[in-house]
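Colleague: Sending over a structure as structure tokens; questions will come in a sec.
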Amino acid sequence: MTGCEHVRHDLGAHALGALEPAEAAAVEAHVATCPDCAAELASLQPLPALIVRADGLEIPSPPADLEERILDRVAASRPRRRMSWLPRRFGRLTATALAGVAVGAAATALAIAVIGDDAGGGAAPSYDLVLDGDDGVSARAAFEPNDGGTEVHLWVDGLPPGGKAVYEVKCERPGWSAGAGTFRADAQGKAYVVLTTAARIGEYERIRIVRGDENVLTGNLN
Amino acid sequence: MPAPPATEDARIVERLRTDETGEAMRALYRTYGGELLGFAQRSLGDRGAAEEIVQEVFLRAWRHAGRYDAERATVRTWLYRIARNAIIDARRRASVRPAAATREAEEQDSGGSIEQAMLGWQVAAALERLTPEHRQMIRMAQFRGMSMREIAHETGLPVGTVKSRTWYALRSLRLVLEEMGVVPQ
């Protein structure tokens, strides 16, 4: 194995084709008689073909806040519910304005978006209904069919904290309304509840959160 | 032998749904965020849109973590597929001819281009894990086609140093690619 030490350091360059012709010939002559160096060279030889695939590809440095934005979105997306019954065309729900009187004085404009997911082939899409209020009240709702109707998952933020107010959730269409249940805000003005209504998916067109006769939030499914 | 990172990744995905601390998500993002951002940016040609895609990818990953099957795909492959779907959706939204954009993206995919693209980004990520000195040797020799002598001339390093650095660089790269499962161990 004489010359191994010297040749070893040439093996990388040789695998990349970066030696002078005389040096390359010397390496070839050595590996022909040295199994160790031949094995080492063989382990390096697949690399150039892989390296060229990365030519021109620079891994960008993500902005510092991207990680936090992702975590925020995950936190805001709890709970997760699949709504496979919703056809894909619900992928863009129209913005809708709150008809009634908002909690507090400010008028509330609601933007409703449905986020469609289709990761994985052939899997049922999942959706979250997002309601954002300009006055700081926001809610997300998810719906899942169950035996007798719908299970409604509701996540609300920005309500007057810790009050005694009881909010009611209604599933409605024109001239028809079904209650899904009631809840209170916690000390932070938040609420997460799972409610059940006898209204079946498809029977209602909008979700309303009311306090007494006051409209708090509305989301239209159209 | 330590467990390969692919298995470690699968465990992270398993924890994703129940982990309230966000640590599993952070770990996943820190491993793949840069790659996926590069992949999306190249696909869409727009940094802002690419950042949106990356957010969407991790959000979808979180939602669908329960459906991840470690026996069917590595976490990386799974994430790239999610990214591919998110990019198709983004193109569909942006395109005046949605059907055409979708078809184009799907055709690219059926041609195996997502696997090809993924491999490129994977190698780029592997190169990122080398020391700057090692990366420099590989870039000069491979991307710029320079000989050891030319590199020595340009860098002012002895040619023996350039050679040994190149050798160590390739060995390190090989180890990283083994860990990633790109080349067999």
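The values are calculated or read from the model by the stated rules, or taken from the named source; none is laboratory data. Remember, it's a predicted structure, so these values are computed and weren't measured experimentally. Positions of Cβ are generated from backbone atoms using ideal geometry, with glycine treated the same way; all protein chains shown enter the neighbour counts.
Colleague: Taking the range A:5-27, which residues are over 18 Å from residue B:169 (Cβ atoms) and loosely packed, with under 14 Cβ neighbours inside 10 Å?
Modeller: A:5, A:6, A:20, A:21, A:22, A:25
Colleague: Within the range B:176-185, take every residue that is hydrophobic (A, V, I, L, M, F, W, C) and at the interface with another protein chain (Cβ under 10 Å from one of its Cβ atoms) and give me the one that is nearest to residue B:76 (Cα to Cα).
Modeller: B:182
Colleague: Within the range B:137-153, how many residues turn out to be outside any loop (DSSP other than H, G, I, E, B), buried (at least 16 other Cβ atoms within 10 Å of the Cβ) and not charged (D, E, K, R)?
Modeller: Result for the range B:137-153: 8.
Colleague: Take the range B:73-84 and flag every residue that is in contact (Cβ under 8 Å) with a residue 12 or more places away in the chain, of a type outside the set (Val, Ile, Thr) and either at the interface with another protein chain (Cβ under 10 Å from one of its Cβ atoms) or not in a helix (DSSP H, G or I) (or both).
Modeller: If the condition is that a residue be in contact (Cβ under 8 Å) with a residue 12 or more places away in the chain, of a type outside the set (Val, Ile, Thr) and either at the interface with another protein chain (Cβ under 10 Å from one of its Cβ atoms) or not in a helix (DSSP H, G or I) (or both), then B:78, B:79, B:81, B:83, B:84 are the ones that fit.
Colleague: Quick check, is residue A:81 more than 7 Å from every other protein chain (Cβ to nearest Cβ) and either at pLDDT 95 or above or under 21 Å from the mean Cα position of the chain (by Cα) (or both)?
Modeller: yes
Colleague: Restricting attention to the range B:154-165, which residues are touching a His at 6+ places or on another chain (Cβ under 9 Å), surrounded by 20 or more Cβ atoms within 10 Å (Cβ to Cβ) and not charged (D, E, K, R)?
Modeller: Across the range B:154-165, there are no qualifying residues.
Colleague: Right, another one. Looking only at residues in the range B:168-185 that are under 19 Å from the mean Cα position of the chain (by Cα) and in a loop (DSSP other than H, G, I, E, B), which one is surrounded by the fewest Cβ atoms within 10 Å (Cβ to Cβ)?
Modeller: My answer is B:184.
Colleague: Provide a single number: the residues in the range A:37-80 that are closer than 17 Å to residue A:27 by Cβ and either of a type in the set (Gly, Ala, Ser) or touching a Pro at 6+ places or on another chain (Cβ under 8 Å) (or both).
Modeller: As a first pass, look at the range A:37-80 and keep what is closer than 17 Å to residue A:27 by Cβ: A:37-45, A:47-48.
From what is left, the residues that are either of a type in the set (Gly, Ala, Ser) or touching a Pro at 6+ places or on another chain (Cβ under 8 Å) (or both) are A:38-39, A:42-43.
Number satisfying all stated conditions: 4.
Colleague: In the range B:52-63, which residues are in contact with a Lys or Arg (Cβ under 8 Å, 6 or more places away or on another chain) and either more than 9 Å from every other protein chain (Cβ to nearest Cβ) or over 20 Å from residue B:8 (Cβ atoms) (or both)?
Modeller: B:55, B:59, B:63, listed by residue number.
Colleague: Any idea which residue in the range A:1-45 is farthest from residue B:162 (Cα to Cα), counting only those that are part of a loop (DSSP other than H, G, I, E, B) and within 13 Å of chain B (Cβ to nearest Cβ)? Don't jump to the end; show me each part of the working.
Modeller: The initial filter retains those residues of the range A:1-45 that are part of a loop (DSSP other than H, G, I, E, B), namely A:1-3, A:16-20, A:32-34, A:45.
Next cut, within 13 Å of chain B (Cβ to nearest Cβ) only: A:16-20, A:45.
Values: A:16: 13, A:17: 14, A:18: 11, A:19: 11, A:20: 13, A:45: 18 Å.
Among those residues, the one meeting the criterion is A:45.
Colleague: For the range B:29-47, how many residues meet the condition of being facing chain A (nearest Cβ under 10 Å) and more than 12 Å from the chain's Cα centre (by Cα)?
Modeller: 3
Colleague: Also: Considering only residues that are more than 22 Å from the chain's Cα centre (by Cα), more than 9 Å from chain A (Cβ to nearest Cβ) and aliphatic (A, V, I, L, M), which ones fall in the range B:112-167?
Modeller: B:152, B:157, B:159 - these are the residues of the range B:112-167 that are more than 22 Å from the chain's Cα centre (by Cα), more than 9 Å from chain A (Cβ to nearest Cβ) and aliphatic (A, V, I, L, M).
Colleague: Any idea which of A:154, A:217, A:221 is within 16 Å of residue A:142 (Cα to Cα) and modelled with pLDDT under 80? If you could, list the steps in order and put the result at the bottom.
Modeller: Numbers: A:154 fails: modelled with pLDDT under 80; A:217 fails: modelled with pLDDT under 80.
Answer to the check: A:221.
Colleague: Can you tell me which residue among A:60, A:48 is under 27 Å from residue B:120 (Cα atoms), in contact (Cβ under 8 Å) with a residue 12 or more places away in the chain and either facing another protein chain (nearest Cβ under 7 Å) or within 26 Å of the chain's Cα centre (by Cα) (or both)?
Modeller: Of the residues listed, the single one that is under 27 Å from residue B:120 (Cα atoms), in contact (Cβ under 8 Å) with a residue 12 or more places away in the chain and either facing another protein chain (nearest Cβ under 7 Å) or within 26 Å of the chain's Cα centre (by Cα) (or both) is A:48.
Colleague: Additional query: Would you mind telling me which numbered condition in (1) facing chain A (nearest Cβ under 10 Å); (2) in contact with a Ser or Thr (Cβ under 8 Å, 6 or more places away or on another chain); (3) part of a loop (DSSP other than H, G, I, E, B) residue B:70 fails?
Modeller: Tallying (1) facing chain A (nearest Cβ under 10 Å); (2) in contact with a Ser or Thr (Cβ under 8 Å, 6 or more places away or on another chain); (3) part of a loop (DSSP other than H, G, I, E, B), residue B:70 fails exactly one: (1).
Table: residues versus (1) outside any loop (DSSP other than H, G, I, E, B); (2) buried (at least 22 other Cβ atoms within 10 Å of the Cβ); (3) at pLDDT 90 or above.
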{"position": "B:27", "(1), (2), (3)": "yes, no, yes"}
{"position": "B:30", "(1), (2), (3)": "yes, no, yes"}
{"position": "B:50", "(1), (2), (3)": "yes, yes, yes"}
{"position": "B:66", "(1), (2), (3)": "yes, no, no"}
